1. Amide H neighbours of Ile137 under 5 Å, counting only residues 5+ apart in sequence or on other chains, H built in-plane at 1.01 Å?
2. Ignoring everything but the protein chains, give the 1.4 Å probe accessible area of Arg13 in square angstrom, nearest 10.
3. Applying the Karplus parametrisation 6.51 cos²θ - 1.76 cosθ + 1.60 with θ = phi - 60° to the phi angles of segment 268-276, what ³J(HN,Hα) value in whole Hz is obtained for each residue in order, glycine and proline being reported as x?
4. For the chain, what is the charge dipole size about the Cα centre, in debye to the nearest 20, if Lys and Arg each add +1 at the Cβ and Asp and Glu each add -1 at the Cβ?
5. Past the 21 angstrom mark, what percentage of all C-alpha to C-alpha distances in segment 265-341 do you count?
6. Where does the chain land at 222 nm, in deg cm²/dmol rounded to the nearest 500, when only DSSP H runs of n ≥ 4 count, each adding -39500 (n - 2.57), divided by all residues?
7. Apply the Karplus parameterisation 6.51 cos²θ - 1.76 cosθ + 1.60, with θ equal to phi minus 60°, to every residue of segment 50-56 and state each ³J(HN,Hα) to the nearest whole Hz, in sequence, with x for glycine and proline.
8. Choose one answer from Met238, Met316, Met197: the residue with the largest mean-square fluctuation in a GNM of the chain with alpha-carbon springs under 10 Å.
Amino acid sequence: MPGISDVMFPKVRMRRLRQDRIRNLVAETRLSTSDLICPIFVDETIVEPVEIESMPGQYRFPLDSASDEAKEIEDLGIPAVILFGIPETKDEVGTSAYDDSGVIQQAIRKIRSETSDLILITDLCLCEYTTHGHCGIVDYDAKTVLNDPTLPILGKVAVSHASAGADIVAPSGMMDGMVRAIRTALDIDGFTETPIMSYAAKYCSCFYGPFRDAADSGYAFGDRSGYQMDPANSDEAMREVELDISEGADIVMVKPAMPYLDILYRIKTAYGLPTAAYQVSGEYAMIKAASDMGWLDYEQATLESLLSIRRAGADMILTYFAKDAARMLHGLAEAGRSMRE
Ligand code: PBG
């Protein structure tokens, strides 16, 4: 029996709502398959899928099997993919990035004809298409990437992706004015309805390491600190996003995700725009490697990382876990624990 003092001064019990089933009812954040965007690497130089060494379980696909992969993604209920291309030929200025029969342009057409509603987003950058591996035109003497001469090329790439049938273009090169240049180029060519998902706050991060293996986009000299953001800065991310919005971005992205949840939170809170987060290759590699070693539970680590990114403010998450997470979420739904779906 409770004593009179317990009745007069009820104890605070935060734990009441943490009981099984009830905790799901009061969950503030949901993670759903419909929040996920799955990257696909399409490689013109291979004939069989090749596993990416630093990203176990992830592959580069030749054109033919890229569409099978896209179908599988669609069948899992994932609404969108983001396409990265590895071209047959590279040059100083990334010409193959806007070739009408380039790897991405072909991939878009093929995937489009073999899927029904899948949203096709294209990563729009030059680094996979240039011999030096930088995201823009290079001045070798000054050892620098030239901003303004790069912009018209990005415009051409955007138009070429949209002509091939891309639903959304996602510029990731961190050139100043790139969103305006791309919006203008798209509008002039009649692609007024093609949204831009801008990699607005993209940090100069070591967590992209495995991606550079995946996309064969390591660089010939220097690094990307001359155009990607300094991890020390947060106010600067707000300016980046503000500029991109003023230039016509429809969706803004923060990248990487987990080390930058504070940035994500600030951006979503301040601007309220559809906000994406990119859980990058290194984030995948960490969880995957630790799970493969038996040091982390793969399913729990994956879902917790994604839920945390949602909680910080992401409306959508680009993640290499997309397929596995979709399967996990289906499994939870079947087990009657559907509140995560
Ligand atoms: C291209 C690009 C990169 C990533 C996405 N688009 C690499 C980079 O900027 O070096 C990284 C994605 C990942 O690490 O998963 N600019």
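The values are calculated or read from the model by the stated rules, or taken from the named source; none is laboratory data. No experiment lies behind these values; they were computed from the predicted model shown. Methodologically, a virtual Cβ is constructed for each residue, glycine included, from the backbone with ideal geometry; neighbour enumeration extends over all protein chains shown. Note: areas computed on protein heavy atoms with side chains; ligands, DNA, RNA excluded. Shrake-Rupley method; radii C 1.70, N 1.55, O 1.52, S 1.80 Å.
1. For Ile137, whose amide H was placed from the backbone, the distant partners under 5 Å are Leu146, Thr150.
2. Roll a 1.4 Å probe over it and Arg13 shows about 130 Å².
3. 5, 5, 6, 10, x, 7, x, 10, 10
4. In debye, rounded to 20, the chain gives about 1840.
5. More than 21 Å apart: 33 percent of the Cα pairs in segment 265-341.
6. Taken over the chain, the calculation gives -12000 deg cm²/dmol.
7. 10, 6, 8, 4, 8, 9, x
8. Met238
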